[in-house]
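The values are calculated or read from the model by the stated rules, or taken from the named source; none is laboratory data. None of these values were measured; they are calculated from a predicted model. Counting neighbours? That spans all protein chains shown, and the Cβs are built from the backbone with ideal geometry, glycine included. All accessible areas refer to the heavy atoms of the entire protein, side chains included, with ligands and DNA or RNA removed. Shrake-Rupley method; radii C 1.70, N 1.55, O 1.52, S 1.80 Å.
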Amino acid sequence: MAQKKAQERIAILGDIHANLEAFQAVLAAAKERGVTQYVCIGDLVGYNANPKECLDMLRALKPIGVVMGNHDEYVGANHDLSGFNPVAQLAVKWTRERLSMDDRKWLTSLPYQKEIFRFGTGMPPFCIVHGTLDNPGMWGYIFTRLNAMASMEYQGNDNLCFCGHTHVPMYFIKDDLDTKAFYFPFEKPLKLEMNQKYLFNVGSVGQPRDGDPRAAFTIYIPDDETVELIRVPYDIKKTQEKIVAAGLPPRLADRLAEGR
Ligand SMILES: [Fe+2]
C-alpha cells in the first residue's frame, strides 16, 4: 500500500543574530508544528552572544536555502566597518574573534539571493533574499510599498519571495493594478491567491523590532498555499545576561526586552 507523503511545511527563519535562546525556542515551536524543511534569510550572526552555536545549529538542520545577510558579510569578510553604527561595529568585531576561518568563509560563501526549487514535489519555486531583490548587495530596507515595488520588479516568475533585514514582519501584495503593504496578522494563516505576487518579511528570531519582544518566524505550507507568522516567547533574561557577560554593548541587551 502506498504511504501517504507527509505534508511539506517550511519554516522561514530570519535575523537570528546569534540569539541561542530565541533560536532554540523557535526550533521547538517549529517541531511542534510539524515543520519538515528550513530556510534562512540571513543575518545569522551579529548583536547577540552565541554566533558559533547558532551557526552550527542552523547547518545541522540542513536547510534547503540560506542567503547572506549584511552582518554575515561583514563578520565573514574583512570589510571596513565605517558604514556601521558603533554598536553594530563592536558586535561585528567581537563576533569575528569567536568564529573560525572556516565559519567565516562559509558565511561569505552564501549567495545574496536564491531561488528554491523542490524537484519532484510539483510545487512552484520561491525566492529568498535578505534585503531587496533590486540590489541585494546594497542592503536596502523594505519598509514601504515603494521599496517593495522596486524589489518585486525582480521577482520574475516567482509568486512568492521571503525577505528580512528590517526585523519587522510585514507583507506586500502586487497584482495587475497595485502594490499594497500589510502588517502580518499573528497566528492566522494567510491564504495565497495564485494570480498575485507576494513579498513577506518573516520577522526576526533574535532581535524583533516591531514592539513585540517574542521571537518571530514564518511557516509556509505549499499544499495549503498558506503563510503564517508565529511568535514564540523565550528566556530573554538569559540572553541579556550573556550579552552583558560577553562585554557586548548593554544597549543590545536592553532592546531585546523592548522588541526595538
Ligand atoms: Fe538583521
Antiparallel %, DSSP beta bridges [both residues in the range 10-255], to 5
65
Per residue, how many Å² of accessible area does the chain show with a 1.4 Å probe?
45
Using only the C-alpha atoms of the range 10-255, find the volume of their convex hull and express it per residue in Å³.
117
Need the full-extension length gain, E53 to L146, defined as separation in residues times 0.36 nm minus the C-alpha distance. One decimal, nm.
29.8 nm
Amide H within-cut-off set for V35, under 5 Å, with H built and near neighbours excluded:
none
Beyond 18 Å (Cα-Cα) in this structure, taken from K114/K191; K188/K238; K52/K242; K31/K62; K31/K105, we find K114/K191; K188/K238; K31/K105
Where the accessible area of the chain is counted over protein heavy atoms with a 1.4 Å probe, how much of it, in %, is carbon and sulfur?
52
Just to check I understand the Karplus step: with θ = phi - 60° and J = 6.51 cos²θ - 1.76 cosθ + 1.60, what whole-Hz values come out for the range 227-234, glycine and proline as x?
10, 9, 8, 10, 10, 9, x, 8
Before anything else, pin down the relative contact order of the chain: Cα pairs under 8 Å, at least 6 apart, normalised by residue count, whole percent.
22
Can you work out ³J(HN,Hα) from phi for every residue in the range 159-169, in order, using Karplus 6.51 cos²θ - 1.76 cosθ + 1.60 and θ = phi - 60°, giving whole Hz and x for Gly and Pro?
6, 9, 9, 10, 9, x, 6, 7, 6, 10, x
Computed helical MRE - 222 nm, the chain, DSSP H runs ≥ 4 contributing -39500 (n - 2.57), nearest 500
-9000 deg cm²/dmol
Dipole magnitude of the range 10-255 about its Cα centre (Cβ charges: Lys, Arg +1; Asp, Glu -1), debye to nearest 20
580
Scattering curve values for the range 123-260, log₁₀ I(q)/I(0), Debye with Cα scatterers, q = 0.10, 0.13, 0.15, 0.16 Å⁻¹
-0.37, -0.59, -0.75, -0.83
Long-range amide H partners of F162 with built H, under 5 Å
C127, I128, V129, F200
Could you work out how far the C-alpha centroid of the range 26-50 sits from that of the range 64-94, in angstrom?
19
Mind listing the long-range amide H neighbours of F217? Cut-off is under 5 Å, sequence gap 5 or more, other chains count too, H placed in the peptide plane at 1.01 Å from N.
I230
